[in-house]
Amino acid sequence: MFELMIDGYWSDVHGIFYPDGTVRDPSIPAAVLGFRRKRDEGMVYPNANKEGYAQRGISMVKEALEEKTKVFRAGRKSIDEVLEAAEFCANLLEACELVPMYDPPTARIARIRKAGDEREARKLAYELALLLQEKCLLL
């Protein structure tokens, strides 16, 4: 290892830890400590739809993106509801390692939440629900 801290000119190549204590990739310090992924028989695969959670996330996104108004509620769902549904799906996808983590969906959600861009929020929520559906074979 050339440098432990992600800082300066070589930050895109070297380093494990950011100055605030977060890490580039948790598998790096795990490997340094001797932890490694099981690669042979007996490996247990993650199940994003355990207890119907993937289906629940997809339903949450569908409901949040619904354009129809309900009797008790006028207008479209707020951006917060759309992002909450998207985050539910993103957490499942990330935890089950079903998406690349170089730019995690939860980081994208945080950027959209900060910008307040409803169009991007709706687009990302739809993409995450579709991806969760495909990865969990809920077609």
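Here is how the numbers come out for the structure above:
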{"item": "Matching residues in region 96-126 - criterion: being at pLDDT below 95 and aromatic (Phe, Trp, Tyr)", "result": "TYR102"}
{"item": "Failed criterion for TYR45 (all others in (1) among the hydroxyl-bearing types (Ser, Thr, Tyr); (2) modelled with pLDDT of 90 or more; (3) open to solvent by 90 Å² or more (accessible area, probe 1.4 Å) hold)", "result": "(2)"}
{"item": "Residue count, region 23-42 (criterion: out of contact with any strand residue (DSSP E or B) (no Cβ under 9 Å at 6 or more places or on another chain) and open to solvent by 70 Å² or more (accessible area, probe 1.4 Å))", "result": "10"}
{"item": "Only listed residue being in contact with a Pro (Cβ under 7 Å, 6 or more places away or on another chain) and modelled with pLDDT of 95 or more, chosen from ALA90, ALA85", "result": "ALA90"}
{"item": "Subset of region 15-44 (residues that are within 30 Å of ARG122 (Cα to Cα) and in a loop (DSSP other than H, G, I, E, B))", "result": "THR22, ARG24, ASP25, PRO26"}
{"item": "Top-ranked residue in region 99-112 [being in contact (Cβ under 8 Å) with a residue 24 or more places away in the chain and crowded, with 17+ Cβ neighbours inside 10 Å; ranked as farthest from GLY57 (Cα to Cα)]", "result": "ILE112"}
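The values are calculated or read from the model by the stated rules, or taken from the named source; none is laboratory data. Everything numeric in this text was worked out from a predicted model, so none of it was measured. Note that each Cβ is placed from the backbone with ideal geometry, even for glycine, and that neighbours are counted across all protein chains shown. Keep in mind that these areas ignore ligands, DNA and RNA; they rest on the heavy atoms of the full protein, side chains included. Shrake-Rupley method; radii C 1.70, N 1.55, O 1.52, S 1.80 Å.
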